[in-house]
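The values are calculated or read from the model by the stated rules, or taken from the named source; none is laboratory data. Bear in mind the structure is a predicted one, so any value in this text is a computation, not a measurement. Neighbour counts are summed over all protein chains in view; Cβ atoms, including those assigned to glycine, are modelled from backbone coordinates with ideal geometry.
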Amino acid sequence: MQWLPHETRSNLKRSRYSASVSARPSRRLIFDTVTMRFLHSFAGPEHVPFGSVSLASAVYPGTGAKWPEPRRCVASGPRPTALAGSERRSDSARTMAQIIRIIGRSGSGKTTLLTEVVRLLLNTGVRVAVLKHAHHRVDLDRRGKDSFRYAEAGAVSVTVVSSDKVATFEAPAKEPTLFDLATRVGDVADLVLAEGFHGFATPYLLLLGPGDENPEQNEPGELIGVIHSNPNAGGLERGDPAGVARGIADWLASRRQEDLDLERALQEAEAFHGHLCPGQVLGVRLAMLGVRAVGIENPTRSKKLITWVEIDRCGADAVQTVTGCKPGKRTLKLVDYGKLAATFLNTETGVAVRVAARSDSRGRAAELYPHLERHGAQMAAYRSLPDSELFTLEPVSVELSEYDQPGKPSLRVNCTVCGEEVNDHRHVDGDDGPMCRACARGAYYSAIGRDAEVDLPW
């Protein structure tokens, strides 16, 4: 099966970015328990391991910078077993299942295709919820029914329960968003397939009916595949629901390793910093993007990465945790501009990029998770939004003198005023000899006199 090539996807994509990296509305870890089983069921072991879809040529407009390709995901070893419900994460950042929208004109066959895809996914153990957006009035509760009478009397919600079904009727003050609805089924579904719901920033499939051509799409989110009605068009076919289901699982599998990497990095950042907060999550994501962009696979083991961080708050600790850079090794440098931004330099290749948090990320969090309190919404959004909606990325050049590079001190002198030793050419040449910067330019501290009484600890 041929998944949608990136070149085709870039031509179809006409939104804020020409493509987005790892667009995923949630980062549930559920598919590490079912994807291997799923692909063996449909395709056999020859489809394992998987390779992630390449987005390496996605260009961030106006800079020439490329969003780095997601790390390759290799699934190996024995098939994992399904997680028990009690083992699933229940925190606020994981209350929404993975969403994939299916977009197509009316009559293109979305419902017919999805019913088969849902059946195939369920047979492999994936719990699927379906959301359908109607363009006309929904009239499921009829006059004369008891449920109708309760609603007519003013009940804000009416639920009818039987041994095989539960039906709830509501008249909301405003139409709930796709994310509101996906959150409601987060405890019972692993995957949400949404038919319609234009305008929401989630991954989506485009279904083309007979005679349709590949139109330009203004949909936000990542276009992950085009489903053709013509079997000779190549790629996914409307008449091959097993192929579509297999493609969905393959796409989900490509996200699995990224999710695991993020969770591991967040755990390490929390242990180092002492708590996990929105700034930490954003800092971890920023650093992971930066090191990928300069082509460093294992930053904590690398000796060719130098990082400049532009803030002295929580995000700085997150950058240090992900990169493994340290001030004492002269690989982490603080230039405090008060911005959650950092520059990453690969000293072997000379490639450097600056990554900065977007100023509208808090607003996006409130928009996507209105049901959560402010910090909870930010935690959830910063985990789930694609990199392109959280950060700007631009190639830069950085001057790194021989006196700023890691290694042994290149020079030691004594200040002619205070007598203290100064390393690595950090002195100022004065009329009477070398001076430390504190004596030459003023210090951040004020001396209270050498004769002051101080209780010395020795």
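Scanning region 257-278 for residues that are modelled with pLDDT under 85 and crowded, with 21+ Cβ neighbours inside 10 Å gives a single hit, D259. If we keep just the residues of region 298-319 that are among the hydrophobic types (A, V, I, L, M, F, W, C) and closer than 22 Å to E270 by Cα, which is surrounded by the most Cβ atoms within 10 Å (Cβ to Cβ)? For region 298-319, the residue satisfying everything is A318. For G295, the conditions (1) at pLDDT below 85; (2) over 23 Å from H375 (Cα atoms); (3) surrounded by fewer than 19 Cβ atoms within 10 Å (Cβ to Cβ) all hold with the exception of (1). Considered as a group, the residues in region 200-221 that are at pLDDT 80 or above and in contact with a helix residue (DSSP H, G or I) (Cβ under 9 Å, 6 or more places away or on another chain) include one that is surrounded by the fewest Cβ atoms within 10 Å (Cβ to Cβ), and that residue is F200.
Among the residues of region 106-128, those that are farther than 19 Å from H198 by Cβ and modelled with pLDDT of 85 or more comprise T112, T115, E116, V117, V118, R119, L120, L121, L122, N123, R127, V128. Of the numbered criteria (1) under 25 Å from the mean Cα position of the chain (by Cα); (2) small (G, A, S); (3) at pLDDT below 90, the one G324 fails is (3).
For the condition under 18 Å from R285 (Cβ atoms) and not polar (S, T, N, Q), what is the one hit in R412, R374, R362, R426? It is R362. In the set (1) of a type outside the set (F, W, Y); (2) surrounded by fewer than 16 Cβ atoms within 10 Å (Cβ to Cβ); (3) without any contact (Cβ under 8 Å) to a residue 24 or more places away in the chain; (4) closer than 30 Å to A438 by Cα, R374 fails one condition alone, (4). Residues that are aromatic (F, W, Y) and within 30 Å of Y204 (Cα to Cα) are absent from region 343-361 altogether. Close contacts from region 416-437, counting a first residue that is free of Cβ contacts under 8 Å to residues at least 60 places away in the same chain and a second that is loosely packed, with under 13 Cβ neighbours inside 10 Å and part of a strand (DSSP E or B), with Cβ to Cβ under 6 Å and a gap of 6+ residues or different chains, come to T416/G433; E421/R412; N423/R412.
Among residues of region 385-414 that are on the phi > 0 side of the Ramachandran plot, those with a beta-carbon under 9 Å from a residue that is among the charged types (D, E, K, R) at least six positions away or on a different chain give the pairs G407/R330. Look at region 321-342: where a residue is closer than 21 Å to V281 by Cβ and a partner is of a type in the set (S, T, N, Q), sitting 6+ places away or on another chain with Cβ atoms under 6 Å, you get T323/T307; G324/T300; C325/T307; C325/T331; L332/T307; L332/Q320; A342/T307. For I248, the test of being assigned by TED's automatic domain parsing to the domain that holds V128, crowded, with 22+ Cβ neighbours inside 10 Å and either modelled with pLDDT under 80 or not in a helix (DSSP H, G or I) (or both) is failed.
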